[in-house]
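The values are calculated or read from the model by the stated rules, or taken from the named source; none is laboratory data. Please read all numbers here as calculations on a predicted model, not as lab measurements. Cβ coordinates were reconstructed from backbone atoms using ideal geometry, including for glycine residues, and neighbour counts include every protein chain displayed.
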């Protein structure tokens, strides 16, 4: 039986569809919730997969969120130990930072359904089999990251160059969201006080919530991606 542990940074950004996928395959699921006063880290031998979810904080805001220091250290240790490590949005930024790359404000705030393009040269990676050359995930971020040394960028768009990377055969970071559910989107809108910033790559609330076909396709893509990761990690 595989064991999945995840890091959650705010109440409204849990595993989403990843929870459904992992539960359907009888994964044991445990979590660390950094918004709780009694959070704790697991031992490295207590899980097979580490999944790091999103959040509004910057990865270097250690003074505001002291747990970030230990979290980045733990992520680096998990990577060194050969664990399967998956990062989503802030999670991808934390992986990049743990690998020594810079994380900083992106030129554009990106909130909404915007297409991304896969980079053909990266498509032979086992994690990426069967993914289409272009698709439209949901984005919700203001920061971006430099590509860590030794990592391979595999997806990009005009708003944000580094939309995803793989590192070796055990680590993947996604700047965008394939796991969001309608409840996740509603929760984030509420977390923002019901008011979204303006920008060239920011859609309104109605658009965010009125794309069930995009959400269904995102879940299909996440299922393919997680299946690839599972197959690769079984070798």
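The single residue among 153, 161 that is part of a loop (DSSP other than H, G, I, E, B) and either under 15 Å from residue 55 (Cα atoms) or modelled with pLDDT of 95 or more (or both) turns out to be 161.
At least 3 residues being within 14 Å of the chain's Cα centre (by Cα) and under 20 Å from residue 224 (Cα atoms) is the threshold, and among the strands (runs of 3 or more DSSP E) wholly inside the stretch 1-86 those reaching it are 49-52.
Pairs meeting the criteria (first residue in the stretch 83-110 and touching a residue at least 12 places away in the same chain (Cβ under 8 Å) and at positive phi, second residue assigned to a loop (DSSP other than H, G, I, E, B) and crowded, with 24+ Cβ neighbours inside 10 Å, beta carbons under 7 Å, at least 6 apart or on different chains) are 89/54; 89/175. Against the list (1) surrounded by 16 or more Cβ atoms within 10 Å (Cβ to Cβ); (2) touching a strand residue (DSSP E or B) at 6+ places or on another chain (Cβ under 9 Å), the condition residue 21 fails is (2). Do we have any residue at all in the stretch 133-142 that's in contact with a helix residue (DSSP H, G or I) (Cβ under 6 Å, 6 or more places away or on another chain), at pLDDT 95 or above and assigned to a helix (DSSP H, G or I)? No, every residue in the stretch 133-142 fails to be in contact with a helix residue (DSSP H, G or I) (Cβ under 6 Å, 6 or more places away or on another chain), at pLDDT 95 or above and assigned to a helix (DSSP H, G or I).
All conditions but one from (1) over 20 Å from residue 223 (Cβ atoms); (2) buried (at least 18 other Cβ atoms within 10 Å of the Cβ); (3) touching a helix residue (DSSP H, G or I) at 6+ places or on another chain (Cβ under 7 Å) apply to residue 81; the one that does not is (2).
For the stretch 183-206, filtering for residues that are surrounded by 13 or more Cβ atoms within 10 Å (Cβ to Cβ) and either assigned to a helix (DSSP H, G or I) or touching a residue at least 12 places away in the same chain (Cβ under 8 Å) (or both) leaves 13.
Is there a residue in the stretch 164-177 that is within 14 Å of residue 91 (Cβ to Cβ) and assigned to a loop (DSSP other than H, G, I, E, B)? Among the residues of the stretch 164-177, at least one is within 14 Å of residue 91 (Cβ to Cβ) and assigned to a loop (DSSP other than H, G, I, E, B), which makes the answer yes. Residue selection: residue 62 fails the criterion of being over 23 Å from residue 183 (Cα atoms) and touching a residue at least 12 places away in the same chain (Cβ under 8 Å).
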